[in-house]
Each structure stands twice: as structure tokens, then as C-alpha cells.
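For reference, the structure is listed below as C-alpha cells.
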Amino acid sequence: MRKDEDFSEWFDRVILEAQIADDRYPVKGFTVYTGWGFSIAKRIIGLLEDKLEEGGHQPMQFPVVIPEDSFMREAEHIAGFSGEVFWITHAGDRKLERRLLLRPTSETAIYPLFKIWIRSHADLPFLMHQTCNVYRYETKATRPLYRGREFLWNEAHTAHADYGGSEGQVRKAVEIYSHVYDQLGLSYLILKRPDFDRFAGAVYSLAFDTWNPDGKVNQIGTVHELGENFAKAFEVTYEDERGKQRHVSTTCYGMGIGRTLSATIAHHGDDHGLVLPPVVAPKQVVIVPIPFKGSEEAVAGYAREIEGLLKGDGLRAVLDDADRLRPGEKFYRWEMFGVPVRIEVGPREVEERSATLVRRDTLERSKAELGGIVEAVRGLFDEIYLSLRDRSWRRLEAEIAEADSLEELRARMDERRIVKVNWCGGPDCASKIKDEVAGEVRGTLWEREEEPTGPCIGCGGAAKEVAYVSRTY
Ligand SMILES: [Zn+2]
């Protein structure tokens, strides 16, 4: 199973064998998260929700249906999403007087309530989030976790007294998302999307883009400055200190849980299967007894002793003492599931009061005394995390190339790289790049000025910025 030779085949096999997701649900674009996958997803959600709530966001859960008249209030938003909306038109055999839609994102569900809740400056800033499924009738090819017609995400919505407040929140959102991706050992670029690709109704959009082994960039999160656009469409106003009615300034940001999970799988996995960062591994340590004739009892007892020590310290440990598989088969199985550390115990370990540790990322073996086993395992967790994170960032750096001409850009695209080009900022040149080299202008680095080194790659005119071009999901 060669990950780098045929990523697509590798991914399909891993998500099925490691029980991440099952794409055989009989509706196209709708995927089932299975046990191991949803356990990881819940831990990713937990990391994010903790951080959001620490930052003052209240958890909420809005209805999945939005009435048509709410959806129709913000013109750009309608233009951006209406082609992808699932409509509910009937209940039984009765036609609904008021059509409902399944949320493709929740601004138009949430703002009518913001209008009711937000009265005065004392109510601001107002920060909420929810983890939920959203629905978009994607016409591009669907792929489990990467692109579905139903997808699991967390979305946050915030309202502030003025634009300065929402700008500050954009920075906080970037920090929160960076913190979560960092904990997962994921590398990313933070790009400001070109104007033609911003969120429908936003002033501007930022996105976290990351590499994928097949060369298609994976957008794992977005942050949008909405200014007063939605506040005006939904008449969300408050009374300021001087008694004057003013519009709030708002933001929203979303993290795709499926995409973040797919990036975690794609960045860290290897030819044996998943490799999980310990923080999200449903089981962090597996203990495999290796009994010999006559030593079965002693080995089993010792393995249970180790299990007790690890669990007593709060580690997610599992003792695989099932008789039906041989130790080698168990190794293979738990490697597929990406369990960060395996502990092997046989008669020699019993005698020495020690254990053999195998780390999943490098498959290197080491020994630990029983008395120091918890520290040894925790030490390996740190090493695994740092090594995965460094490897992911090194790969991102290696993926980035430069091109000065469309021919060169085409060659780099064929190598499936992420390519920096000089760009005039014109949408026509972005279309030309898309048509001629099948690459998309993803945007420019956020808050890091990069000086163009020559004329625009599309028109030969003066370049204003350095744009990142890639294939994409
Ligand atoms: Zn140009």
C-alpha cells in the first residue's frame, strides 16, 4: 500500500480498514463516520470548542432549516449559495406555504436572532459557535471527508460595536484555528483569498490551506470579515453610549472537521496506515502480550499490571489479549489504526520488570523499566508529536515552488506543487491561469508582504502581489 504512489487508493483503503468512514451510504455525497474516525473527529471538535469557549464564545445549536425569506435578505449571499441549496417544499402531501432550506452555512439562520438579542453596547461583543452538519449540493466530484453534500463543521459567529472590534476578532479566530492545527501537527498557509473568491457577503476572507499528497490543496478552515454587510441586511443594530442606533460589525469562521481529519490522515499516515498525533488518538497505547508456552499466566498478569499503571495516569491504553490473533497480526492491525505507541511484553520483560516500546511514526524500538513506563510513554508522545509536526512543515516548504512564465507554471502544476507567481491582482489573469494551466489563484499570504519579483505572469503588466496557485479540492 504505497501512499505516495497512489494517494487516492491509499486513502480509500485506510479510511475503510481503519474504520474512519464508510462511503457506501446509498446517497451520493453523504458519508458515514465510523467508530475510530468519529472518535478522532470528536477529539478535534473538543480541542476547538475548548479554545472557542475559553475565548468567550457561547455554545449554541440552531435549527437546520432556514426560511426562504431570511435566506433572501443578503444579495451576494444568495448569489453565492442559491445554486447549492437543498429545499424542503412539502410536508406529507401538503405543499409548504413558506419554503424552507437546509442550512448551507448559518448566517441567515442566526442574524434574525442577533437582531432580537443585541440591544445595547452592553450586549457586545457577542460571540457564539456551534458544531453541526451543513448541506451544499456540490456539483464537483465528491470524496469522503474532503467534499460532501453534507459536512460536519464548527462555525462561529460574532458581533462587535465597530469594524475595529470585528478586525480584532479576525485575529483571534486565526489564533484559535492555528492553535488547533498546531496541536494536530498540521502545516498550513494563511491566505487572503482574492476578491472573486471571498465568502458570499464578506468584506474579505482568509483561509487555511494545506498540502495534500495528490497535489490538490485542502482548505481546512476559513475566517471572514463581514463588516456591516449582514448587519445592514438583517437590521442588527444597537444603542451606543450616546443613545445612537448603530449597526454591528460581524465576523464568521468555520472549520471543516472532515477536512481537518483528512489532513491529519494525509499528512501523517504511511504505508502501514494511520499515524495519529497522541492528542487525538482514541487509544494512545496498545499493550500486546507475547506469551511463550508455560509463561502465559505470568505474561498476561504483567500486561494487566502495565495497563493499570498507564490507565491510572490517565493514558488511553488498551490491552489486546484476544487469543484469536497472533502477535504479528495484532501489530499490523494497530499500526493500521495509527496507535502512537505499542508495548510488547514477553517472558523476558516479565523477568526484567521492563517493557519494549515501539513508536508508530518511525517503528523504532526502545526499552523502559516498569517504574518509569509512564514517563517513557509520555516522552515518546512528545517526540512523535514534534517529529510529525516538523515533517509536515518540511513537506509544505518542499511543495512550494516559483514560476515566472505560464509554461513554467504549467510544468510546476504537473509536478503537483503549490506555486508562487507575480500577479497584477486582476481576475482576468486568474481566469487565464485557470484555463491554461488548470491552477487556481488561492490568494496572497495574510499579513506577510511578499514583493513581486517581475511582471504579472498572466498579462505581463505591473505585478501588485505574489499569489499562490495550486490545484484544489
Ligand atoms: Zn495580470
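The values are calculated or read from the model by the stated rules, or taken from the named source; none is laboratory data. Keep in mind the model is a prediction, meaning the values are calculated, not measured. As a convention, Cβ positions derive from the backbone with ideal geometry for all residues, glycine included, and neighbour counts pool all protein chains shown. Accessible surface areas use protein heavy atoms only, side chains included; no ligands, DNA or RNA. Shrake-Rupley method; radii C 1.70, N 1.55, O 1.52, S 1.80 Å.
What to note about this one:
- Over the stretch 185-271, relative contact order from alpha-carbon pairs under 8 Å, at least 6 apart, %: 26 percent
- FRET E, pair LEU445, THR89, Förster distance 51 Å, beta-carbon r, rounded to 0.05: 0.70
- Nearest 10 degrees, 0 to 90: helix 163-183 Cα axis against the chain principal axis: 20 degrees
- About its Cα centre, the dipole of the stretch 166-295 is roughly 280 debye, where the only charges are +1 on Lys and Arg Cβ and -1 on Asp and Glu Cβ.
- Per residue solvent-accessible surface (Å²) - the stretch 105-211, probe of 1.4 Å: 33 Å²
- Look at the dipole of the chain built from charges on Cβ: of SER8, GLN130, GLY55, the Cα furthest out on the positive end belongs to GLN130.
- Distance from the alpha carbon centroid of the stretch 108-174 to that of the stretch 186-210 works out to 15 angstrom.
- Extension gain for the segment GLU167 to GLU369, taken as residue separation times 0.36 nm less the Cα-Cα distance, is 67.4 nm to one decimal.
- Counting Cα-Cα pairs of the stretch 129-191 in 5 Å increments starting at 0 gives whole-percent bin shares of 4, 13, 16, 17, 21, 17, 8, 3, 0.
- DSSP beta bridges fully contained in the chain are about 80 percent antiparallel.
- The stretch between GLU436 and SER405 holds 10.0 nm of extra length on full extension. This uses 0.36 nm per residue minus the Cα-Cα distance.
- For the listed peptides 135-143, 245-253, a ranking on the average number of other beta carbons within 10 Å per residue, highest first, reads 245-253, 135-143.
- Taking 4.7 Å between beta carbons as the limit, the unpaired Cys residues of the chain are CYS132, CYS252, CYS429, CYS459.
- Ordering of 334-342, 304-312 by burial proxy (mean other Cβ atoms within 10 Å per residue, highest first): 334-342, 304-312
- Computed over neighbours whose Cβ is under 9 Å from that of VAL341, the net charge equals +3, Lys and Arg +1, Asp and Glu -1.
- In the chain, the longest principal axis of the Cα atoms and the axis of helix 427-437 are about 40 degrees apart.
- For the chain, relative contact order (Cα pairs under 8 Å, six or more residues apart, normalised by length) works out to 14 percent.
- The simple Förster model, with R0 at 41 Å and r as the Cβ-Cβ distance, assigns GLU175 and VAL27 a FRET efficiency of 0.65.
- Environment charge at ALA233 (Cβ cut-off 14 Å; Lys +1, Arg +1, Asp -1, Glu -1): -3
- Heavy-atom accessible surface of the stretch 108-156: percent carbon and sulfur, 1.4 Å: 54 percent
- In the chain, the longest principal axis of the Cα atoms and the axis of helix 327-336 are about 10 degrees apart.
- Only lysine pairs 8 or more places apart or on separate chains count here, and in the stretch 1-140 those with Cα atoms under 27 Å apart total 8.
- Size of charge dipole - the chain - debye, nearest 20, with Cβ of Lys, Arg +1 and Asp, Glu -1, no other charges: 920 debye
- For the pair GLU415 and MET72, the difference between a 0.36 nm per residue extended length and the Cα-Cα distance amounts to 119.2 nm.
- Oblate is the label for the stretch 270-386. Its Cα gyration tensor axes, ordered a ≥ b ≥ c, give a/c of at least 1.5 and b/c at or above a/b.
- Summed side-chain charge close to PHE151 - residues other than PHE151 whose Cβ falls under 14 Å, Lys, Arg +1, Asp, Glu -1: +3
- Per-selection Rg to Rh, the chain - Cα, Kirkwood hydrodynamic radius: 1.03
- Anisotropy class of the stretch 1-73 from Cα gyration tensor, a/c 1.5 cut: oblate
- The Cα atoms of the stretch 89-167 give a gyration tensor whose axes a ≥ b ≥ c have a/c of 1.5 or more with a/b no greater than b/c, which makes the shape oblate.
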